[in-house]
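Novice: Here it is, the structure in full.
The values are calculated or read from the model by the stated rules, or taken from the named source; none is laboratory data. Everything numeric in this text was worked out from a predicted model, so none of it was measured. Methodologically, a virtual Cβ is constructed for each residue, glycine included, from the backbone with ideal geometry; neighbour enumeration extends over all protein chains shown.
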Amino acid sequence: MCCFLTILLFLGPRVGGAIWWLARPLVWSAAFNGSFIWPLLGIIFLPWATLIYVLVAPGGITGFDWVWVGLGVLFDIANYGGGGYGNREHIPMYSTPKNL
């Protein structure tokens, strides 16, 4: 688990999820009922929510587990929003004037 957290910290949730999927395919299969497309789309578009879903899903998602998945979705939205905010200077319409 320590190696997974180090990969997640340095390389991000997509690489961490892909390595976890390759290392523990039975956990992912149990979480997504053997499907291939849902975990792939999850890692591409909502990596944090997918990782949290895999952590809580094998035992069944009930009650408070949905809060954790919702926090994963909020992390993903914050990740996309932070990237857009950090790169706003590269978009001419959103850049601030230099002479103010």
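A quick yes/no check of all residues on (1) free of Cβ contacts under 8 Å to residues at least 12 places away in the same chain; (2) aromatic (Phe, Trp, Tyr); (3) under 16 Å from residue 79 (Cα atoms):
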{"position": "9", "(1), (2), (3)": "yes, no, yes"}
{"position": "46", "(1), (2), (3)": "no, no, yes"}
{"position": "54", "(1), (2), (3)": "no, no, no"}
{"position": "58", "(1), (2), (3)": "no, no, no"}
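Novice: Moving to a separate point now. What number of residues in the range 48-100 are among the small types (Gly, Ala, Ser), exposed (fewer than 15 other Cβ atoms within 10 Å of the Cβ) and either assigned to a helix (DSSP H, G or I) or modelled with pLDDT of 85 or more (or both)? I'd like the intermediate steps shown before the answer.
Specialist: Going residue by residue through the range 48-100, those that are among the small types (Gly, Ala, Ser) are 49, 57, 59-60, 63, 70, 72, 78, 81-84, 86, 95.
Applying the additional criterion that residues be exposed (fewer than 15 other Cβ atoms within 10 Å of the Cβ) yields 59-60, 63, 70, 78, 81-84, 86, 95.
In the following step, the residues that additionally are either assigned to a helix (DSSP H, G or I) or modelled with pLDDT of 85 or more (or both) were identified as 63, 70, 78, 81-84, 86.
The total comes to 8.
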